[in-house]
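Just so you know, all these numbers are worked out from the coordinates, no wet-lab data involved. None of the values given here were measured: they were computed from a predicted structure. Here the Cβ is made from the backbone with ideal geometry for all residues, glycine too, and neighbour counts use every protein chain on show.
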Amino acid sequence: MTTGAMPPTAPKRSRARNLVPLAVAAWLVLEIWLLTLVAGAAGGWTVLALLIAAGIVGGAVVKRAGRRAFRNLTETVQRQQNGQAPPPESGSTGNGFLMLGGLLIMLPGLISDVVGLVLLVPPVRSYLGRRAERSLERRMRAAGPGSLGDAFQQARMHRPDGKIVQGEVIRQDAGHSAGGHEGERGDRPRPPLTP
């Protein structure tokens with residue numbers, strides 16, 4: 001016997017969730033095919049030497065990017081502790097894309113090596129950094145209240161010296177306090193906000 005109620009349906013998968021696994025599988029097949037072509041033309045030892053050299057170079061790039069990011073972080077923390085204003089933003093330094101380039105070079109494969117080497121070029125990194133910042137800003141502005149993007153937007157509101165100002169707005173309508181009746185809660189101080 002049926003009740004006439006529709007059975008619950010699973011939410012539709014997004015297009016990206018369907019295409020990303022297929023794209024990764026196609027990329028892996030293409031990488032293996034190119035490695036076998038190069039091994040057939042130049043020899044297996046040449047391909048092995050290329051893979052080892054790529055791993056060493058990629059590791060060095062990742063190490064350099066990590067050291068640069070750590071140095072920037074310690075300089076920022078020291079400036080904050082000394083009460084100095086943060087330096088004016090001169091754009092993204094591209095450490096994230098530098099590290100991504102190193103990781104792509106470390107992966108075995110020729111296509112990932114080429115993409116990783118392209119990411120090592122400073123103008124490419126700065127261009128991609130600007131595009132990523134604009135995209136993130138656009139998504140944060142489009143985020144509704146109460147979402148994660150709204151939380152990031154609230155965290156970015158700070159004074160010029162870099163200190164975050166916490167507070168709350170108390171609105172008292174004519175003759176009524178926030179508690180409803182005059183004198184019920186309006187006379188008592190409110191507790192401070194805590195994160």
**Asked** What spacing in nm lies between the two simple spin-label points modelled at residue 75 and residue 46, each 7 Å away from Cα in the Cβ direction?
**Response** 4.3
**Complete:** Expressed as a whole-number percentage, the relative contact order of segment 20-135 with C-alpha contacts under 8 angstrom and at least six residues apart is 28
**Packing rank of 97-108, 116-127, where each peptide gets the mean count of other beta carbons within 10 Å, highest leading** = 97-108, 116-127
**Item:** Vicinal HN-Hα couplings computed from phi for segment 52-59 (Karplus, 6.51 cos²θ - 1.76 cosθ + 1.60; Hz; Gly/Pro x)
**Value:** 5, 5, 5, x, 5, 5, x, x
**Message:** Which log10 I(q)/I(0) values does segment 54-134 give at q = 0.19, 0.21, 0.27 Å⁻¹ under the Debye formula, counting every alpha carbon as one identical point scatterer?
**Reply:** -0.82, -0.93, -1.19
**Most to least packed among 131-139, 62-70 [average Cβ atoms within 10 Å]** = 62-70, 131-139
**Prompt:** Between residue 124 and residue 168, what is the FRET efficiency for a Förster distance of 30 Å, r being their Cβ-Cβ separation, to the nearest 0.05?
**Reply:** 0.10
